[in-house]
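Read the structure below first, then the notes.
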There are 2 protein chains.
Amino acid sequence: MIVTKSIEEVRSFVNEKKKEGLSVGFVPTMGYLHEGHASLLKESKKENDITILSIYVNPTQFGPNEDLSSYPRDMERDCKIAEEEGVDLVFTPTDDVLYPGNYKTYVYVEGLTNTLCGRSRPTHFRGVTTIVTKLFNIVAPHNAYFGQKDAQQYFVLNRMATDLNMDICLKSCPIIREEDGLAKSSRNVYLNEKERQQATILNKSLNEAVNKVKEGERSSLEIVEGIRSTINSMDLANIDYVEIVDTETMQQIDEIKNKVLIAIAVKFGNTRLIDNRILEV
Amino acid sequence: MIVTKSIEEVRSFVNEKKKEGLSVGFVPTMGYLHEGHASLLKESKKENDITILSIYVNPTQFGPNEDLSSYPRDMERDCKIAEEEGVDLVFTPTDDVLYPGNYKTYVYVEGLTNTLCGRSRPTHFRGVTTIVTKLFNIVAPHNAYFGQKDAQQYFVLNRMATDLNMDICLKSCPIIREEDGLAKSSRNVYLNEKERQQATILNKSLNEAVNKVKEGERSSLEIVEGIRSTINSMDLANIDYVEIVDTETMQQIDEIKNKVLIAIAVKFGNTRLIDNRILEV
């Protein structure tokens, strides 16, 4: 397994493999890998000849008061997991190479980014679309894999890739959960014992919501209120948002129909957790 | 010569040529080709095995009161010129394919775009960087050719390509002029006889400016005032801007040093003409 900070080394590796007619899968991450990331690597391995993992905590997607400096990092352990998953190349770029002093260019998606996480993190998605464009241009993969946990991120990136005519297929993979249902996240390590126990309420509230929709409820307001009251039964939970949006536009809808995303963000202490369901009605 | 509106046809043509180990040069244009465009095609032919020309009047780079609908078009003549220049493929996409109804994504370069043409055309460069990103993703050339007449455009695009890690080399080619010195432009056809005569003042004023710098003048203010007074000697000339900027930042400088761009935009009636010089002092 190659581990490199060098853009040129990634390019020459990929070009060589493509010349041999091999397909290239790409999993961009911020590291501190868990079973969610591992599932993306497994999917890439299954669908491509070559799998490339990038590990980069991208500063432009963090707001000024967010957890950039404290975001958990463990490169050694990450490389061990990558090796176990059969990754061919790990790209570990540095800030000075990706964002030199005279850096000026941003990619952004209008509309889809002003709801959900975009509402409380106004520059977040501009940072995501910019870094993913850069990584796509460096790695030039055939396929790229993203977790459904960051559902809005996937829909925004897919819109971007379509709009900018990127010749890359973006794939969304299912959320991987702990045994008690909490969605796996690098940020779960921040939770203390009591917060960790109460955090299972996210998944439970979404299960209840899905059941209500299955039973025929079509009012977004009813579903949202149900989720809110379930989450608020936990004294440490502090709701950032509970929203139901159309998956195409990421805009709130009154009536549940077609393909919708039910997405929630809840803070426990300083730790912000997200979870979601995608439903076709 | 292939002429196609199809993104897929461009992709499969380029992929095939690249598999044969051939290099691909690209000249993106808005059509109504003149000797300036032809010089870019010649340069691409010289440096690449395959040359691709795109003809597309890009709506997102025109402001609401600009000349999008009246911009001169002549596809038949353009294809004849392309054929004469030995172009291998002409890409002629349509609005509905490049900007479908749910289109949402833009690429922009901060800082470099708020001076010169960016001042009087605030959304212009966002449109240019977005369409060029799209065309680059479709054509995926090794080299791309731009005219120095649109100097700010070249510096902005070069910044974008560097920042977004595009694996494409951007080249700037010299301004091609009429015998009397007027820079060739598709918009020259708008000029009436008297305007056409007076329009030669742009090049003359720049020649005077270059001579003054050669003689030792280093004050931007002095040079700018000289250009302004020369242009204002023509009763039909209406100055939009005369600016001297650093080529790296596109920001105005007081003292002429290092590499500078002297750029001017002047209206004759409704026709806006631009011209420039790049100087290394």
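Compute the projected area of the convex hull of the Cα atoms of segment B:16-104, averaged over all viewing directions, and report it in nm² to one decimal place.
Directional mean of the projected Cα hull area for segment B:16-104 stands at 7.3 nm².
Can you compute 3J(HN,Hα) from phi for each residue in segment B:99-110, using the Karplus curve 6.51 cos²θ - 1.76 cosθ + 1.60 with θ = phi - 60°, rounded to whole Hz and x for Gly and Pro?
In residue order, the calculated couplings are 10, x, x, 9, 5, 9, 10, 9, 10, 9, 10, 6 Hz.
FRET efficiency for residue B:12 and residue A:12, Cβ-Cβ distance as r, R0 = 30 Å, nearest 0.05?
Efficiency, rounded to the nearest 0.05: 0.75.
Rounded to a whole number of µm²/s, how large is the Stokes-Einstein D of chain B at 37 °C and 0.692 mPa s, given Rh as the Kirkwood radius over C-alpha pairs?
167
In whole percent, how big is the carbon plus sulfur part of the accessible area of segment A:132-281, probe 1.4 Å, protein atoms only?
43
Please give, to one decimal in nm, the separation of the simple spin-label points placed at residue A:255 and residue B:249, each 7 Å out from Cα toward the Cβ.
It is 5.7 nm.
Can you give the average number of partner chain beta-carbon atoms within 10 Å of each beta-carbon in peptide A:11-24, as a whole number?
1
Looking at the axis that maps chain B onto chain A, which chain B residue has the closest Cβ, and how far off is it in Å, rounded to a whole number?
Of all Cβ atoms in B, the one closest to the rotation axis yields B:107, 3.
Determine, for each peptide in B:268-274, A:6-12, the mean count of other beta carbons within 10 angstrom over its residues, then list the peptides with the highest first.
The peptides rank, most packed first, as B:268-274, A:6-12.
Can you give me the angle between helix B:201-214 and the longest principal axis of chain B, using Cα atoms only, in degrees from 0 to 90, rounded to the nearest 10?
70
Quantify how strongly other chains surround peptide B:27-38 by giving the mean number of their Cβ atoms within 10 Å of each of its Cβ atoms.
Counting other chains' Cβ atoms within 10 Å and averaging over B:27-38 gives 0.
Where does each of B:162-172, A:27-37 land if you order them by average Cβ count within 10 Å, highest first?
A:27-37, B:162-172
At a 10 angstrom cut-off on C-beta neighbours, averaged per residue, how do the peptides A:224-237, B:122-135 rank from highest to lowest? List each step's numbers first, then the result.
On the way: A:224-237: 16.1, B:122-135: 22.2.
Packing order, densest peptide first, comes out as B:122-135, A:224-237.
Taking all protein chains as present, what is the carbon and sulfur share of the accessible area of segment A:26-94, in % to the nearest whole number, probe 1.4 Å?
48
For residue A:15, place a label point 7 Å out from Cα along the Cα→Cβ vector, do the same in each other copy, and report the separations in nm, one decimal, smallest first.
In ascending order, 2.0 nm.
Quick check: the distance between the Cα centres of segment A:204-242 and segment A:13-77, to the nearest angstrom?
Spelled out, the Cα-based centre of one part sits 33 Å from the other.
With N residues in the protein assembly as shown, what two-decimal value do you get for its Cα radius of gyration over 2.2 N^0.38 Å?
1.11
Got the residue B:120 label distances to the other copies yet, label 7 Å along Cα→Cβ, in nm, shortest first?
Listed shortest first, these distances are 4.8 nm.
May I ask for the accessible area buried between chains B and A, both sides summed, probe 1.4 Å, to the nearest 100 Å²?
2500
For segment A:273-280, what does the Karplus curve 6.51 cos²θ - 1.76 cosθ + 1.60, with θ = phi - 60°, yield as ³J(HN,Hα) per residue in whole Hz, taken in order and with x for Gly and Pro?
With coefficients 6.51, -1.76 and 1.60, one gets 10, 10, 7, 6, 9, 10, 10, 10 Hz.
Based on the Kirkwood radius over alpha-carbon pairs, what is the Stokes-Einstein translational diffusion coefficient of segment B:105-178 at 4 °C with 1.567 mPa s viscosity, in µm²/s?
Roughly 102 µm²/s, to the nearest whole number.
If you take every DSSP beta bridge whose two residues both sit in the protein assembly as shown, what share of them, in percent to the nearest 5, is antiparallel?
Rounded to the nearest five, the antiparallel share is 55 percent.
Other chains near A:134-145: what is the mean number of their Cβ atoms within 10 Å of each residue's Cβ?
Per residue, the average neighbour count from other chains is 2.
Cross-link partners among lysines for residue A:257, C-alpha distance below 19 Å, same-chain residues fewer than 8 apart left out?
Partners found: A:212, A:214.
Using each residue's phi in segment B:116-123, evaluate 6.51 cos²θ - 1.76 cosθ + 1.60 at θ = phi - 60° and report the 3J(HN,Hα) Karplus result to the nearest Hz, with x for Gly and Pro.
6, 5, x, 5, 8, 10, x, 9
Assign unit charges at the C-beta atoms only (+1 for Lys and Arg, -1 for Asp and Glu), then state the dipole size of segment A:1-51 relative to its Cα centre in Debye, rounded to the nearest 20.
Values: 8 positive and 8 negative charges, 8 e Å.
Value, rounded to 20: 40 debye.
About its Cα centre, what dipole magnitude does chain B give when the only charges are +1 on Lys and Arg Cβ and -1 on Asp and Glu Cβ, stated in debye to the nearest 20?
Here the size comes out at about 260 debye.
For residue A:176, enumerate residues with amide H under 5 Å from its amide H, sequence gap 5+ or separate chain, H modeled in the peptide plane.
Hits under the 5 Å cutoff: A:184.
Between residue A:119 and residue A:239, what is the label-to-label distance in nm when each label sits 7 Å out along the Cα-to-Cβ direction?
About 1.1 nm, to one decimal.
Any idea what the residue A:102 label distances to the other copies are, label 7 Å down the Cα→Cβ vector, nm, shortest first?
Its label point is 4.0 nm from the equivalent points in the other copies.
Using the heavy atoms of the protein chains alone and a 1.4 angstrom probe, what is the accessible area of chain B per residue in square angstrom?
I get 43 Å² per residue for this part.
How long, wide and thick is segment A:186-275, going by the Cα atoms along their three principal axes, in whole angstroms, largest first?
Principal extents (Cα only, largest first): 39, 25, 16 Å.
Please identify every one of the trypsin sites (Lys or Arg not before Pro) in segment B:48-122 that sits in a loop by DSSP and has no more than 14 other beta carbons within 10 Å of its own beta carbon.
Here the sparse-neighbourhood loop sites are B:73.
Report, in debye and to the nearest 20, how large the dipole of the protein assembly as shown comes out about its Cα centre when Lys and Arg carry +1 and Asp and Glu carry -1 on their Cβ.
140
Multiply the residue separation of residue B:4 and residue B:232 by 0.36 nm, subtract the distance between their alpha-carbon atoms, and state the gained length in nm to one decimal. Write out the running numbers ahead of the final one.
Details: separation 228, 0.36 × 228 = 82.08 nm, distance 4.58 nm.
Answer, rounded to one decimal: 77.5 nm.
How much net charge surrounds residue B:120 when only other residues with a Cβ under 13 Å from its Cβ are counted (Lys, Arg +1; Asp, Glu -1)?
Charge balance in the 13 Å sphere: +1.
Starting from the exponent 0.38 and prefactor 2.2 Å, build the expected Rg for segment A:124-276 from its residue count and divide its actual Cα Rg by it.
1.12
The values are calculated or read from the model by the stated rules, or taken from the named source; none is laboratory data. Quick caveat, the model's predicted, so the values are computed rather than measured. We place every Cβ from the backbone using ideal geometry, glycine too, and count neighbours over all the protein chains shown. Remember, those area values only see protein heavy atoms, side chains included, never the ligands or the DNA or RNA. Shrake-Rupley method; radii C 1.70, N 1.55, O 1.52, S 1.80 Å.
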